[in-house]
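Structure record follows, encoded as structure tokens.
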Amino acid sequence: MTTVSPIHTARSARSANTARCTVVSSDEGVPLVTGERVEYANFDYAASAPCLTPVAEALAEALPYYASVHRGAGHHSRVSTEAYERARRSAARFLGTRPADAVVFVRGTTDALNLLARSVPEGCTVVVFESEHHASLLPWGHPAARAGRVVRLPPPATPERAVEAARAALRAAPEGPRLLCVTAASNVTGEIWPVEELVAAAHAEDARVVVDAAQYVPHLPFSLEATGADYVAVSAHKLYAPFGSGVLAGRADWLRDAAPYLSGGGATRLVTEHDVVWNDLPARHEAGSPNVLGAVALAAACDTLTPATQELLHIRESVLLERLRAGLAGIDGVTELTLWGEEHPRVGIVSFTVEGLPADLLAAALSAEYGIGVRDGLFCAHPLTRRLLPGGHAQAVRASLGVGTTGEHVDRLVGAVADLCARGPRWEYVDCDGRLVPVPDPGQVL
């Protein structure tokens, strides 16, 4: 007899209500150094997106039935197992997988790409651009990785050069398995990469492609089947489901032939005094007690962000993005970072510098004096960010948009940057454990 999940029943009733694509937020606002409180203007979506309301509701529905999955005979274990495997199917639909593709739950994109790095055939040549996020750039050279050769290409001058460089590098590689690793959208500039063209070029050289879609899927639909990519990696916390989950999806053969990513319960079919028989996919690479609540949360985000919903959100976001970019461009001393020029299509990310104002001081002042949250630094993409920085700047500020961004937020950020450019910070800031903080700080976090 099939277990009827209370979680499934409640979520099915609201699945058609796409108008509730909102984020959980506090009504209390955030404190300023002046003693006022203002609505928080969150421009840090590219680091971790806030929780979607349907995600929080799905989590609340799942908690009363929370139990370990797959190996329990009790009702709650059966309900949790059904929810966990249904989450896998939701992730598969969201990522446009093919019937034979594997869908493995991981902790996030970094975990997914490290798993793949340990699963490629021994001696595989891996081609990767230096413009990648560290999650995509670094796993291939790890001592535990199985790649025999890692070819790092400089950031290409144009999208067309990216395709040419990738194809040339794959063609020049020794005989044997080859893999191209590429982002779908840059976490530094937001620029969208020519994934389908890169896949076609790689396949022409009998190579495979893994796509880091962490920054892309919160904004636009992605499909393994439509793009032809062999693998895709995503993180839940970028996708409005901040509960420590993610997915590696794609062709099963390399993953099936590789030793388990982690050794432990769940990955094993049989253990004797002298031998271990490992499970098949996906359990083979999901050792330990799975993050069932993280999977439920991720699935709720996938179910909420249907292709039609994403397209509508992207149209709205594009208007806000152009408003932000135009506003910043009108401020003397502001330089936007871009690899392929101002007109290239992008998702809702803008990184910029302000002449005469260090990035960490700008970020601290935006928070303390205006209630605006941005990211400062090199954004875990050090080679690319350093390459794009104008002279005299060691870091940049990144403003990223999402579901909860409003026109008022955009206008407040533009106005705040203009004020700080004209007059500088109004408060004193000191270093505290590597971060600049206002002194005194009425809004000190205890």
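The values are calculated or read from the model by the stated rules, or taken from the named source; none is laboratory data. Computed from a prediction, not measured in an experiment: that's the story for all the values here. Heads up, the Cβs are rebuilt from the backbone with ideal geometry, glycines too, and the neighbour counts pull from every protein chain shown.
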Helices (runs of 4 or more DSSP H) lying entirely in the stretch 84-203 (those with 3 or more residues that are of a type outside the set (A, V, I, L, M, F, W, C) and either at pLDDT 95 or above or more than 27 Å from residue 280 (Cβ to Cβ) (or both)): 109-117, 159-172
Filtered residues of the stretch 340-366 (kept if within 25 Å of the chain's Cα centre (by Cα) and part of a helix (DSSP H, G or I)): 359, 360, 362, 363, 364, 366
Output for the stretch 273-317, where each listed residue is under 14 Å from residue 103 (Cβ atoms), acidic (Asp, Glu) and either part of a helix (DSSP H, G or I) or touching a Lys or Arg at 6+ places or on another chain (Cβ under 8 Å) (or both): 280
Any chance residue 216 is at pLDDT 95 or above, under 27 Å from residue 404 (Cβ atoms) and of a type in the set (Phe, Trp, Tyr): yes
Answer from 328, 337, 293, 298 - the residue that is modelled with pLDDT of 95 or more, closer than 24 Å to residue 252 by Cα and aliphatic (A, V, I, L, M): 298
Unmet requirement for residue 256, which otherwise passes all of (1) charged (D, E, K, R); (2) modelled with pLDDT of 95 or more; (3) over 28 Å from residue 122 (Cα atoms): (3)
Among the residues listed as 152, 146, 171, the single one being in contact with a Cys (Cβ under 7 Å, 6 or more places away or on another chain) and either surrounded by 15 or more Cβ atoms within 10 Å (Cβ to Cβ) or of a type outside the set (Gly, Ala, Ser) (or both): 146
Scan of the stretch 227-244 for residues that are out of contact with any Ser or Thr (no Cβ under 8 Å at 6 or more places or on another chain), small (Gly, Ala, Ser) and crowded, with 24+ Cβ neighbours inside 10 Å, ordered by number: 229, 241
Any chance residue 266 is in the same structural domain as residue 210 (by TED's automatic domain parsing), surrounded by 17 or more Cβ atoms within 10 Å (Cβ to Cβ), out of contact with any Cys (no Cβ under 7 Å at 6 or more places or on another chain) and in contact (Cβ under 8 Å) with a residue 12 or more places away in the chain: yes
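Here's the yes/no breakdown for (1) aliphatic (A, V, I, L, M); (2) in contact with a Cys (Cβ under 6 Å, 6 or more places away or on another chain); (3) outside any loop (DSSP other than H, G, I, E, B):
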| residue | (1), (2), (3) |
| --- | --- |
| 34 | no, no, no |
| 46 | yes, no, no |
| 57 | no, no, yes |
| 62 | yes, no, yes |
| 68 | no, no, no |
So residue 401, is it of a type outside the set (Lys, Arg), buried (at least 23 other Cβ atoms within 10 Å of the Cβ), in contact with a helix residue (DSSP H, G or I) (Cβ under 8 Å, 6 or more places away or on another chain) and modelled with pLDDT of 95 or more: yes
Checklist (1) outside the structural domain of residue 186 (by TED's automatic domain parsing); (2) more than 30 Å from residue 189 (Cβ to Cβ) applied to residue 47, failing item: (2)
